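Here is the structure we will look at.
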There are 2 protein chains.
Amino acid sequence: MRNIRLKVAYDGTNYHGFQRQIETAGPTIQGTLEKVWERLVEEKVTIAMAGRTDAGVHASGQVVNFLTEARIPEDKIPKAFNSLLPKDIRILLAEDVPWDFNARWSATWKRYDYHIDNQRIPEVFTRLYSWHIPVPLNISSMREAAKFLEGRHNFKTFAAAGGDSKTFERTLYRCLVRADQDLIRISCVGDGFLYHMVRIIVGTLADVGRGRIMPGEIPGIIESQERRQARLIAPAHGLFLTHVNYTVESPFEIFPDLEPLI
Amino acid sequence: MRNIRLKVAYDGTNYHGFQRQIETAGPTIQGTLEKVWERLVEEKVTIAMAGRTDAGVHASGQVVNFLTEARIPEDKIPKAFNSLLPKDIRILLAEDVPWDFNARWSATWKRYDYHIDNQRIPEVFTRLYSWHIPVPLNISSMREAAKFLEGRHNFKTFAAAGGDSKTFERTLYRCLVRADQDLIRISCVGDGFLYHMVRIIVGTLADVGRGRIMPGEIPGIIESQERRQARLIAPAHGLFLTHVNYTVESPFEIFPDLEPLI
């Protein structure tokens, strides 16, 4: 029995999330991958994924794994998958990994990036990949607020109901707000994320950018542990799962652009 | 009677070109704009466009104009249009212009940009906006070939049948090949373009990049004035109409990144 790890990129626009559902509302990433594997080698497998992205969320660096009896060499797997997959899903890499590797549980940290299009008139070519906010946002306030979110906290305020997490303690190594003209990118790197956590963080930072919340209110909002304190949830289509890490290297070694936490 | 000029951006993926057709194969940009204007002010107009983009071609700077009796102020026009247009078409600017302005005939020069995704595995997020060529292209050969295309030539070799041009003489002020990692951008700036001309130029440059044509063969290919000499036509979905100019300023004053012609 082999354990295969895949690195996967997908455009989430046409998918109802990652996880296969019993009564499907539509195609899922997991279901599509499992079906293609079955067509390739006539074997039913269950694919485990690092981050269970919601409907409409994208990934440039999702990681999955599955156990198989197939003998196809690892370097032939991406091409085989890609020949049958729809064009909005691509396998970037396949590797044989130890039997006890699990894409979700073996992860040391993950990186998500969120894109906001802050032009008055939305950009047509990124409309499916960013949240359009026509009102100019105050970037320095957002940056100040983001700093308060970094570190180890109980993130219950930022967790939607419906998640399966037993604890709400997580470490957010970095929450970085950057602006390149009217494109705002928010990068979140942490050891784990609660259900909808990044989207609730982004929604809250957008409220800060609009002046509805002051940066100094963030510590109190975290401490409250009440979901309604965080208000807005940012739409799914601006969110990307960028990277899942399995080594002991720190996020700042892998992504020097994130600058170390001070 | 007023003459209104609009700057328009659109994602051409779901459109059968710009020009309204008698027996439509599907929606067109022109037809969609005319219908929305009719809904807005109950007036039928005919919209003239600067560049008649083919099915699937995109625009970030298309320009159109139309004559109207409506009294809506120019600064209210973009918002009015955008409230009824599908999200893949946006009006960026509206201005009152002199009665004799025509988006097509008044243009002094135009800029097109073409994107090639030269990674082995295609990028999912730009798959609708670039031509995927998995074989690594030789950029310096392409650049050398592009230089031969610049200047005033008879471009009959690079014109598809079906255009309505009476002459084939055009000036290509700039044909610039740039690479940013695996994304190759080809910018073409000229006083006029024949039917499919940019796509045939890009197809030819791609053949140069693959080593099928030597850069030194380009002058002979131009002189031949035979369409079959240029072979490949690049797909529509990598092409963007970026800018239409109406002033006497040179392309290098408007786009310093294009560097002057030597």
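Being within 14 Å of chain A (Cβ to nearest Cβ), surrounded by fewer than 19 Cβ atoms within 10 Å (Cβ to Cβ) and not in a strand (DSSP E or B) is a condition met by at least one residue of the range B:134-154.
Note on the range A:175-210: among residues that are more than 14 Å from the chain's Cα centre (by Cα) and among the charged types (D, E, K, R), the one that is surrounded by the most Cβ atoms within 10 Å (Cβ to Cβ) is A:ASP207. Per the conditions (1) surrounded by fewer than 17 Cβ atoms within 10 Å (Cβ to Cβ); (2) within 14 Å of another protein chain (Cβ to nearest Cβ), the sole criterion not satisfied by A:ILE89 is (1). Within the range A:41-55, the presence of at least one residue that is among the polar types (S, T, N, Q), buried (at least 22 other Cβ atoms within 10 Å of the Cβ) and touching a residue at least 40 places away in the same chain (Cβ under 8 Å) is confirmed. Taken over the range A:114-133, the residue count meeting the criterion of being within 14 Å of chain B (Cβ to nearest Cβ), crowded, with 18+ Cβ neighbours inside 10 Å, aliphatic (A, V, I, L, M) and not in a helix (DSSP H, G or I) is 1. Take the conditions (1) under 21 Å from B:ILE200 (Cα atoms); (2) touching a residue at least 60 places away in the same chain (Cβ under 8 Å); B:ASP88 misses just one of them, which is (1).
The residue that is nearest to the other protein chains (Cβ to nearest Cβ), among those in the range B:155-176 that are in a strand (DSSP E or B) and among the hydrophobic types (A, V, I, L, M, F, W, C), is B:LEU176.
Within the range B:85-113, the set of residues being among the hydroxyl-bearing types (Ser, Thr, Tyr) and part of a strand (DSSP E or B) comprises just one member, B:TYR112.
Applying the set (1) of a type in the set (Lys, Arg); (2) surrounded by 16 or more Cβ atoms within 10 Å (Cβ to Cβ); (3) free of Cβ contacts under 8 Å to residues at least 40 places away in the same chain to A:LYS166 leaves exactly one unmet item: (2). Among what's in the range B:180-237 and is within 30 Å of B:GLN19 (Cβ to Cβ) and charged (D, E, K, R), pick the residue that is modelled with the lowest pLDDT. The qualifying residue modelled with the lowest pLDDT is B:ARG231. Residues in the range A:57-84 that are within 14 Å of another protein chain (Cβ to nearest Cβ) and in a strand (DSSP E or B): 5 in all. Filtering the range B:160-197 to residues that are of a type in the set (A, V, I, L, M) and either touching an Asp or Glu at 6+ places or on another chain (Cβ under 6 Å) or closer than 20 Å to B:SER60 by Cβ (or both) leaves B:LEU172, B:LEU176, B:VAL177, B:LEU183, B:ILE184, B:ILE186, B:VAL189, B:MET197.
Please find, among A:ALA94, A:ALA103, A:ALA107, the residue that is crowded, with 19+ Cβ neighbours inside 10 Å and more than 14 Å from chain B (Cβ to nearest Cβ). Testing whether each residue is crowded, with 19+ Cβ neighbours inside 10 Å and more than 14 Å from chain B (Cβ to nearest Cβ) leaves just A:ALA103.
Condition (residue is farther than 22 Å from A:TYR112 by Cβ and within 21 Å of the chain's Cα centre (by Cα)) applied to the range A:57-66: is it met by at least one residue? There is at least one residue in the range A:57-66 that is farther than 22 Å from A:TYR112 by Cβ and within 21 Å of the chain's Cα centre (by Cα).
The values are calculated or read from the model by the stated rules, or taken from the named source; none is laboratory data. Nothing here was measured: the structure is a model prediction, and the numbers come from that model. For neighbour counting, all protein chains shown are included, and Cβ atoms are generated from backbone atoms with ideal geometry for every residue, glycine included.
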